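Following: one structure in C-alpha cells, then a few remarks.
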Amino acid sequence: MLERLDGLLAEVARSNAFQRDRLERIEVRSLDGLRQIAAVDKDDLLRDQHAHPPFGRNLTYPLERYVHLHQTSGTSGSTLRVLDTQEDWAWWRACLREVFEAAGVGPTDLVALAYSFGPYIQFWASYEGADAVGANRIALGGMDSVQRLETIREYAATTLVCTPSYAIRLAKVADQKGLLDALSSVRKIICTGEPGASLPAVRAQIETLWEACCFDHAGLSEVGAFGYPCADGGGVHVNEREFIVEIVAPGSEDPVADGEVGELIVTAIGRTGFPAVRYRTGDVVECCERRCPAGHTDRWLPGGILGRTDDMVVIRGMNVFPSAIEQVLREFDELGEFRITFYSEPSAMDEVKVEVELEQPRQGRAIQARLRTRLGLRVRIVPLQPGVLPAPSGKARRVVDLRTMPPRRLSRDGRQN
Ligand SMILES: [Zn+2]
C-alpha cells in the first residue's frame, strides 16, 4: 500500500503542475506521514480551473491521454470538470465492480439505471460496474417515471440503481398509476447520489415499498467510488485497497474519536491522471472503530454519508443535519413530500420549520414530539394536503435556508461566517 502510494506521489509530482508544490520531495513512510501534505478541497480545484480554463492543472498527463470528461453537479453553482485516462477509467470500473459484487449482483441480473445520463460520472461509472460483474443493463435516461416503470416491467429488471429519494418517488408513482406489478421483479436497489440510503428509516421505507434489499454506496467525481455496501450491517465499507481515508473535525485536520462525526478526507491510490491526494470531501460520516456485524475488515461507516459539511446548520447552538430530520420523518407512514426551512425570527432566533404532506394533519403533533425527543430540537410542523409540494427527481432539494442573520454555518475552513 505504501509502495503504491509513494509510486503515485512520485509520478504525480513529476508532471502535475497543480500537485507538484504539495508533493515534491515527500516520501510517505507511514500512513501518519501522509498528514504532512496539506489537504485540498473542491474550492482549490475550482479556483485552479478558473485560473486555467477549462480543465485546470490537476492533470498528470498531456490532454491527449484523457478519454473521459465529466462534470460535477455543482450544487453550489460551480461546476468542476473531471478528466480520466483509459487506465483511470478501468480503475473506476473495478471500484464499481466491488459495489455491485457486494450487493450480490451478477450475470443473472438485469440492472435498470434510472438516471438522466447527463455528464455526471456516477451514471457512467455505475453502468460500467454493472457490466464488470457480467449483468445486463438498461439505461433509463430520457424517460419519465411511467416509461421507466413500464420498461422495468417489460424486461423484468432485477436491480434498480438511482437516488434514494427517487426510489421512493418511483414506488409512489407505481402506486398512483396502477403499475405496482412493475416493482415485483426488482430484488435489489443500489442507491447513490445523495445521503439517505444508510439511514435505517429511509432504507426500511425503500425496502418496504419495493419488497427488495436496499444497498448504499459512496463516491465523488473528484475522488472515485470509495465506499461499497455492507449487505449484513447496512451502511458502507471503505474500499481500503484503493483508498486511504481520514475522519477529521470539520474545519480542522484533527482526527475525531470513535463515535464522533467528522469530515472525510480521501486519498485515491489508483487514480493517477486526475489525482486526489488528501482531498477534503465535504462528506460527513461517523467515525466507527468497530467491525461491522459480519466482521468485514474494511473500515465501516455504519450510517454511510450522513450529510455534507455545507449542509450542517447551527441552530441555537446545536449542529443540525437535515438528514437527521429526514430520518425521523421517514419513521412515519402515510407521509408525502416534505420541505425543511431554516429561518430567522425577528428576535434573531434561528428556527426550523418542516412543511409536510399528511393524510392526517393531526399526525403533525406526533412528528413534532418525536423530533424534540430525538434531536432535542423544537421544530415547527406545518401540515399540508398531499400533492402540494413539488416531487423531487434526481438529487432532492428539500432544504431551504432563509436565515437573514449572519448565517451561522460552519464553512469549509471552519470559520463561522
Ligand atoms: Zn460488513
* To do: Look through the stretch 298-339, keep the residues that are in contact (Cβ under 8 Å) with a residue 24 or more places away in the chain and over 30 Å from Arg169 (Cα atoms), and return whichever of them is nearest to the chain's Cα centre (by Cα).
  => Arg299
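Is one or more of the residues making up the stretch 190-201 assigned to a strand (DSSP E or B) and in the same structural domain as Ser165 (by TED's automatic domain parsing)?
Filtering the stretch 190-201 down to residues assigned to a strand (DSSP E or B) leaves 190-191.
With in the same structural domain as Ser165 (by TED's automatic domain parsing) added as a condition, the list becomes 190-191.
Taking every residue of the stretch 190-201 in turn, at least one turns out to be assigned to a strand (DSSP E or B) and in the same structural domain as Ser165 (by TED's automatic domain parsing).
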* Structure fact -> Considering residues that are surrounded by 15 or more Cβ atoms within 10 Å (Cβ to Cβ) and modelled with pLDDT of 90 or more, the number found within the stretch 10-32 is 6
* Asked: How do the strands (runs of 3 or more DSSP E) wholly within the stretch 216-322 filter down when requiring 2 or more residues that are touching a strand residue (DSSP E or B) at 6+ places or on another chain (Cβ under 6 Å): which remain?
  -> 218-220, 224-229, 236-238, 243-248, 261-268, 279-286, 313-315
* To do: Identify all residues within the stretch 266-288 that are of a type in the set (A, V, I, L, M, F, W, C) and either farther than 17 Å from Asp311 by Cα or in contact with a helix residue (DSSP H, G or I) (Cβ under 7 Å, 6 or more places away or on another chain) (or both); write none if there are none.
  => Val266, Ala268, Ile269, Phe274, Ala276, Val277, Cys287, Cys288
* To do: Give Ala218, Ala249 a once-over and let me know the one that is within 17 Å of Thr309 (Cβ to Cβ), in the same structural domain as Leu160 (by TED's automatic domain parsing) and within 15 Å of the ligand (Cβ to nearest atom).
  => Ala218
* Can you tell me which residue in the stretch 267-321 is nearest to the ligand (Cβ to nearest atom), limited to those that are among the basic types (Lys, Arg) and over 21 Å from Asp44 (Cα atoms)? -> Arg291
* Asp144 being touching a residue at least 40 places away in the same chain (Cβ under 8 Å) and in the same structural domain as Glu207 (by TED's automatic domain parsing) -> no
* Check on Asp258, touching a His at 6+ places or on another chain (Cβ under 8 Å), surrounded by fewer than 23 Cβ atoms within 10 Å (Cβ to Cβ) and in the same structural domain as Arg57 (by TED's automatic domain parsing) -> no
* Asked: With respect to Ser185, is the statement that it is at pLDDT 95 or above, outside any helix (DSSP H, G or I) and among the small types (Gly, Ala, Ser) true?
  -> yes
* Residue selected from the stretch 228-246 under the condition among the acidic types (Asp, Glu) and within 16 Å of the ligand (Cβ to nearest atom), by the criterion farthest from Ala103 (Cα to Cα) -> Glu240
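With modelled with pLDDT under 95 and either more than 16 Å from the ligand (Cβ to nearest atom) or surrounded by fewer than 24 Cβ atoms within 10 Å (Cβ to Cβ) (or both) as the only criterion, which of Ala225, Ala201, Ala212 stands out?
Ala201
The values are calculated or read from the model by the stated rules, or taken from the named source; none is laboratory data. As the structure is a computational prediction, the values presented were derived from the model and not from experiment. Counting neighbours? That spans all protein chains shown, and the Cβs are built from the backbone with ideal geometry, glycine included.
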